[in-house]
Amino acid sequence: MEAISLLVPVVEYTIKPVVRQVGYLINYKSNVQNLETQIEELVLAKETLQHRLDQELRRGRQKIKADVQKWLIEMDEIIANAKQFLEGERQAKKCLNGFCRYHPNRKATKLAQIMVIGKGKEFPSVSYSTPPKDIWTTVDFLAFESRTSIVTQILEEFKKDNIFKIGVYGMGGVGKTTLVKQVASQAEDEKLYNNVAKVGVKQNTDAKRIQNEIAEKLGLKRFNENETEAGRARFLSDYIKDKEILVIFWEELDLEKLGVPVGMCKLLFTSRTKEVLSSKIGTQQDFMLKVLNEEETWNLFENTVSEDAVKDPDIGKVAIEVANQCKGLPILVVTVAKALKGKKLHSWKDVLRNLKLCGGDELEKAYSGIEWSYNQLVGAQLKSLFLIFGMSGGRYYHLNYMLKCTLGLSLFEGINTMEEANDRLHSLVDKLKDYCLLLDTNEDGFVTMHDLTRDVARKIASMEGHFLSKGYGDEFKEWPTKEVLEKCTMISLDEINIPNEELGSPELQMFELHSKDKTLEIPPHFFMEMKQLKVLDLTNLCIPSLSPSVQSLSSLQTLCLDQWELRDLGIVGELRSLEILSLMFSKFKQLPKEIGLLTRLRLLDLRSCPELEVIHPNVISSLTRLEELNMNNSFNKWETEEANNNISLGSNASLSELKHLSNLTTLGINIKAAVQLPFNFFNFFYDKLNHFKIFIGDVWDWDAEYSTSKTLKLKLSQTNQWDQEVEDCKRMKEIVEGKEEQLVDDPIKFLGLRSLTLQSLPELISFSSNHSPLVASTSRNPMQLFNDKIVFPKLKDLILSSIPLNELWDGQLSTRLCWIQNLTSLTVEGCDGLTFLCSSFMSMNLFVQLKRLRVRRCQNIVEIISTEEYGEVKNISYMFPKLETLVLEALGKLETICSSASYIEFSCLESLIIKKCSKLGPFIIDPRMRQNIVDTAGHHLFDEKVGFPRLEYLVIEGLHKLTTVWHIQRAPDSFCKLTKIQVISCSSLLHILVPGILKSLHSLKELYVEDCESVEVVFKVEGTSEIFTNEELLDGEEPHVFAHLKSLKIHGMDNLIHVWKDNSNLPGPVFPNLEILKVKKCDRLKNIVPSDTSFCNLVQLEVVECHGLEHLITCSVAKSFHQLKSIIVENCQKTLEIVASSDDNENIDEADANEIIFSRLKDLKLCNLPNLKGFCSRNYNVKFPFLTTWSATNCIEMKISIDGVLQNDSKHGVVPR
């Protein structure tokens, strides 16, 4: 026993390690194979996570979690190391000493173990929400010293612990807003603060709005309607404390009342006067923003109007004077410069004359310049729209509101529909932006106007249209006189007391009154004398009902009662001329029957009226001229069609009433449950609605913004309702729960569904089955995704992603599957349970309308079309008869598209993309020959069994099994329309174009070849390793000329020695129309083109990282470059000269033989050519008569004279200065 105990440590420390090493050696092959499998599985796991992450990020306001980011980076490194290891092993196979495999074998085992751990990592969530970022549009902020120094000083001051409030002041138009935006942008770029929030305050100091805006900018949820002001303030204050936050304001405010704790965050204010900052706001440091100096003014002016505009000698002199007259005011510089774009000299002189009339008053000059821009507006509509913007209350304008006003005023002539009016409005707004009279904001659908521009607009409106305004700038301090009111055509009032009398404005066309004063009352006879009034906007009033005098407004077309607390709306029914009625954000419980009398109504806006519970039956159906109905986040108590037909049951409107609105083009509604939907509801509206936002169910975010103009969201239930967007439901087993007794004879029909996406449903067993969801499918009776229990008569687009089913379609091929005949687009990706896509019968008889087919990342698909599953189908002469695009990507086990003994033609296919299908062999394979294929034999992709008469675009990438693309025998008339070929990373490929295919490629325009490591020669007359081969020409075949080839690009060909060899009497391919030739990263390349080739139409020649090249071209080839405009040569270590000094075909005794003229060359770039001696060392004159740009970088051996002439060894080339 003692002897045995003595042997234990010997075994532990000597025998066991040896056994372990021997085990490594014995299992070497299996370990390496296991590593390859683990790589594939880890790549798949990474792609799945990345796909999930991409979806999260596409939703906006999401950032990737740190642990997820770290895992992705680590997995990339592991995958790269593993691939590098496997490549090293392939190179080391010649090693005969088995024990030299020990360390690599152990490494393979360790790498595989790491991958198993890595792919097993689970992430419950992959992203987190972030606050919305402001878009700091500072396009007019040029790096002027007068501005950048202030930005730097502000940021430096804010870095001090005791500085919390800083102010920027300066006259209107000097650029305060642009400067603080730059402060914000730079603070974000330098990550100085957790959040930067910009809060627009002017015109609307409503605490609730400002608090909501601050909350949104900080990434918080909007406050509840019932939340008190103090409660909101406490919440904001608690959140802001102890966080690095910068908040920018444009006005003095009671910060503590808002919930912005002074001393706990950084605050930046702007004002026109220092007194407001220091006395009222209490800033600790103030910066005065002065006008631009003369040089800065000119730079801004020239940059805005464009340098070309001032190159004209006559205009240039006037331009300098115009810029000087702008007196350094950026708003004036930019406005005048943009208005002068493209103008002739007389316009320049005219604006200069106007600016000079203002003398030395900067503000007066700004007003004059803006007014001049206004006078340049073409058309009364555009000028009127500018004035309407200027007179409307507020700093920001919602284009939806402006549409209501302009339509009410009948501004647009020749417009018949709301859609046309909306297009016209946006077109005119774009023109005002071009003149800088309107400005973009960070929010879609909103524009703004600079303070000075608004002042000018109101000044012009007061003179031309008798405009009256109180609110912004307090244009008048007391109620105007009767004489003034009688002449007014537009009035805009904000927060003003109204006298108890008639307004007395018979010419008035538009009246705006905004007020939060709960004591405000409108006199009973206030509107009596407004016979011409067309637009009435009474926003945010707290009066229970409208003044009785409203019914005298016989010309009224637009009525806006937004943000009201209303009790009685019945009087609105008397306004029979009304076309637009807006009640947004108002509080009322029922829409009265009298609204149904407004038969001329074209737009009804009931958005965000959550208290609305009653809309009487037949009110909506009476509005037959309605074009827009907006009810999002509002009424949702629609009656069912059955209840609506039963007088005793129906007390509310039903959705079937919408069918009476034949002019409806825009619809926004909420539907509480799909049971409220009438029969064929979507079919009725699908073709006529241009814009819709329809939410079905009670789980949607009504206030969310959607980029598309057509949004439909539906919530699933367990009856015949469906959801168009089903994704990331980890436990979902069925989309619609099937009941055997219900579904056998009564299939569920989705009559209006055009598009369906099912994604990331790992437990899904069927769309709907008559089996229990708890019963798994068996190999004998696999569960299909679609069967005859579900019908989609109008489905056109189908996307299936990451679904585990073994089959997609019911094998019984029921007539109810005929809905597949309407599919035009099918995408299947990440469905690893599939071994094939469909049967040959389906490809011929059901997929008859399919135009786009994409199959990606299905790891177990062996073939796309199966002919064995249901028995061999005879005479397969076609499949997918209308298919135009076919994409096959990352199908690791795909061997062929289809097994067939007969010829198959893809008669409509135009685009074919095949990537990362490493085991793919012949496109169509004869089943009788399938078992005889040996892996070591040569493999082709296309042969005589498949035809592509209309194919235009071909991409082949990562097909490592192929040795050639085309078999020497091919189908006639195939590939004759092919214009673009890309061949990438096909490691075994020896040939791309073979004899017999060359004649067919007479339409080829672009050829791109990359990373095909076995190819040694691009064009070669004899031999085997080539991209093109002319050897063994077929009987009667002539050496080919690629008459239409315009672009040839070769990249990353490690073993390429020649683009083509000049070693035969047979001419190589000639490219009479080649325009672009690019060769990159071909380290062994010796030459690009032979000396007997002409490139008379070549425009661009680029050679990069070809370290084996000693020269680019020969003299004879250089002389053919009649159209060459650009030469780029970079990182070619052995290059001695651009044009070879030796040329056997060249006879220098001829008179002009010693001259080479690059007659059209404009750009010449030579970079990192350490051995370059010169352009051509032979006794040649090399001339570049039109060279405009040339650079030489790190060409240490090349000689250049002091006058810029490129020197050769024996003679100077002529390079113009």
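For this structure, a couple of remarks:
- Residues being open to solvent by less than 40 Å² (accessible area, probe 1.4 Å) and among the hydroxyl-bearing types (Ser, Thr, Tyr) - total across region 939-966: 2
- For Asn400: the one exception among (1) modelled with pLDDT of 85 or more; (2) surrounded by fewer than 19 Cβ atoms within 10 Å (Cβ to Cβ); (3) in contact with a helix residue (DSSP H, G or I) (Cβ under 8 Å, 6 or more places away or on another chain): (3)
- Among the criteria (1) open to solvent by 10 Å² or more (accessible area, probe 1.4 Å); (2) part of a loop (DSSP other than H, G, I, E, B); (3) within 19 Å of Thr885 (Cα to Cα), the one Gln969 does not fulfil is (3).
- Test: residue in region 1183-1191 that is modelled with pLDDT under 85, open to solvent by 70 Å² or more (accessible area, probe 1.4 Å) and part of a loop (DSSP other than H, G, I, E, B): no
- Selection status of Tyr903, at pLDDT below 85, open to solvent by 20 Å² or more (accessible area, probe 1.4 Å) and under 24 Å from Leu978 (Cβ atoms): yes
- Selection from region 119-145 of residues that are small (Gly, Ala, Ser) and either open to solvent by 40 Å² or more (accessible area, probe 1.4 Å) or at pLDDT 80 or above (or both): Gly120, Ser125, Ser129, Ala143
- Looking across region 457-488 at every residue that is in a loop (DSSP other than H, G, I, E, B) and open to solvent by 70 Å² or more (accessible area, probe 1.4 Å), the one that is modelled with the lowest pLDDT is identified as Glu475.
- So Leu277, is it in a helix (DSSP H, G or I), open to solvent by less than 50 Å² (accessible area, probe 1.4 Å) and under 27 Å from Arg454 (Cβ atoms): yes
- Lys208, sole failed condition from (1) more than 29 Å from the chain's Cα centre (by Cα); (2) modelled with pLDDT of 80 or more: (2)
- Test: residue in region 675-692 that is at pLDDT 70 or above, in a helix (DSSP H, G or I) and either of a type outside the set (Phe, Trp, Tyr) or touching a strand residue (DSSP E or B) at 6+ places or on another chain (Cβ under 7 Å) (or both): yes
- Restricting Leu626, Leu604, Leu581 to those that are surrounded by 20 or more Cβ atoms within 10 Å (Cβ to Cβ), modelled with pLDDT of 90 or more and part of a loop (DSSP other than H, G, I, E, B) reduces the list to Leu626.
- Flag if Val572 is within 25 Å of Ser469 (Cβ to Cβ), buried (at least 21 other Cβ atoms within 10 Å of the Cβ) and modelled with pLDDT of 85 or more: no
- Of the residues making up region 983-1005, those that are surrounded by fewer than 17 Cβ atoms within 10 Å (Cβ to Cβ) and of a type outside the set (Lys, Arg) number 5.
- Residue within region 533-549 that is among the basic types (Lys, Arg) and either surrounded by fewer than 17 Cβ atoms within 10 Å (Cβ to Cβ) or over 45 Å from the mean Cα position of the chain (by Cα) (or both) present: no
- Beta carbons closer than 8 Å, at least 6 apart along the sequence or on distinct chains, pair a first residue in region 136-155 that is closer than 17 Å to Val168 by Cα and of a type in the set (Gly, Ala, Ser) with a second that is at pLDDT 80 or above and in a helix (DSSP H, G or I) for Ser146/Glu296.
- Taken over region 1120-1137, the criterion of being surrounded by fewer than 21 Cβ atoms within 10 Å (Cβ to Cβ) and under 20 Å from Asp1163 (Cβ atoms) is satisfied by Ser1120, His1122, Gln1123, Lys1125, Ser1126, Ile1128, Glu1130, Asn1131.
- Asn1168 satisfies every condition listed in (1) more than 20 Å from Asn1097 (Cα to Cα); (2) at pLDDT below 85 except (2).
- Positions within region 1084-1096 being under 41 Å from the mean Cα position of the chain (by Cα) and under 19 Å from Tyr1008 (Cβ atoms), in sequence order: Leu1085, Ile1088, Phe1095
- Tally of residues being farther than 24 Å from Ser392 by Cβ and part of a loop (DSSP other than H, G, I, E, B) across region 524-553: 4
- Residue tally, condition at pLDDT 85 or above, surrounded by fewer than 21 Cβ atoms within 10 Å (Cβ to Cβ) and farther than 22 Å from Lys1005 by Cβ, over region 1060-1083: 2
- Consider region 408-456 and keep the residues that are on the phi > 0 side of the Ramachandran plot and out of contact with any helix residue (DSSP H, G or I) (no Cβ under 7 Å at 6 or more places or on another chain). The one that is surrounded by the most Cβ atoms within 10 Å (Cβ to Cβ) is Ser410.
- Boolean, Tyr102 is farther than 30 Å from Gly263 by Cβ, out of contact with any Pro (no Cβ under 7 Å at 6 or more places or on another chain) and at pLDDT below 65: yes
The values are calculated or read from the model by the stated rules, or taken from the named source; none is laboratory data. Note that this is a predicted model, so its numbers are computed, not measured. Please note: Cβ atoms are built from the backbone with ideal geometry, for glycine as well, and neighbour counts cover all protein chains shown. Accessible surface areas use protein heavy atoms only, side chains included; no ligands, DNA or RNA. Shrake-Rupley method; radii C 1.70, N 1.55, O 1.52, S 1.80 Å.
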